[in-house]
Amino acid sequence: MDKPKNAVKLKLKANKKYSVCTCGKSDTLPYCDNSHRILNKENGTNYKSFKVFPEEDTTIWVSSSTWENTGK
Ligand code: FES
């Protein structure tokens, strides 16, 4: 499987909620820090985080075309 260059590996714990950034403006990428609220207000966009609720401990890869710098 070819992953995008900015793909980030997340180790997730069971029964915990994770909010992943889709707007690319979070200071805590790949997680949402609610920076999308300012972005949406200033630009009329409608970005929202997506939520992940793992049923068991797991590892996933995530990426978004809006992420320029995930620090990974
Ligand atoms: S900060 Fe990007 S979706 Fe929340």
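Throughout, read-outs are computed from the coordinates displayed, never taken from laboratory work. No experiment lies behind these values; they were computed from the predicted model shown. Every residue, glycine as well, gets a Cβ built from its backbone with ideal geometry; the counts of neighbours run over all protein chains shown.
At a glance:
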read-out: Potential extension, residue 17-residue 2 segment - 0.36 nm per residue separation minus Cα distance; value: 2.7 nm
read-out: Label zone at residue 43, where the point sits 7 Å out along the Cα-to-Cβ direction: region 11-26 residues whose backbone N lies under 18 Å; value: 20-26
read-out: Ellipsoid semi-axes in whole angstrom, largest first, where each is sqrt(5λ) of the Cα gyration tensor of the chain; value: 22, 16, 9
read-out: The chain: relative contact order as a whole-number percent, Cα under 8 Å and 6+ apart; value: 48 percent
read-out: Charge context of residue 52, other residues only, Cβ under 15 angstrom, K/R +1, D/E -1; value: +4
read-out: Residue-count net charge about residue 27 - beta-carbon cut-off 14 Å; Lys, Arg +1, Asp, Glu -1; value: 0
read-out: Karplus (6.51, -1.76, 1.60) ³J(HN,Hα), θ = phi - 60°, over region 48-62, in Hz, Gly and Pro reported as x; value: 9, 6, 10, 9, 10, 10, x, 7, 9, 4, 7, 10, 9, 10, 10
read-out: Listed peptides 53-61, 21-29, 6-14 by packing density, highest first (mean Cβ within 10 Å); value: 21-29, 6-14, 53-61
read-out: Residue-span extension gain [residue 34 to residue 52] - 0.36 nm each, minus C-alpha spacing; value: 4.9 nm
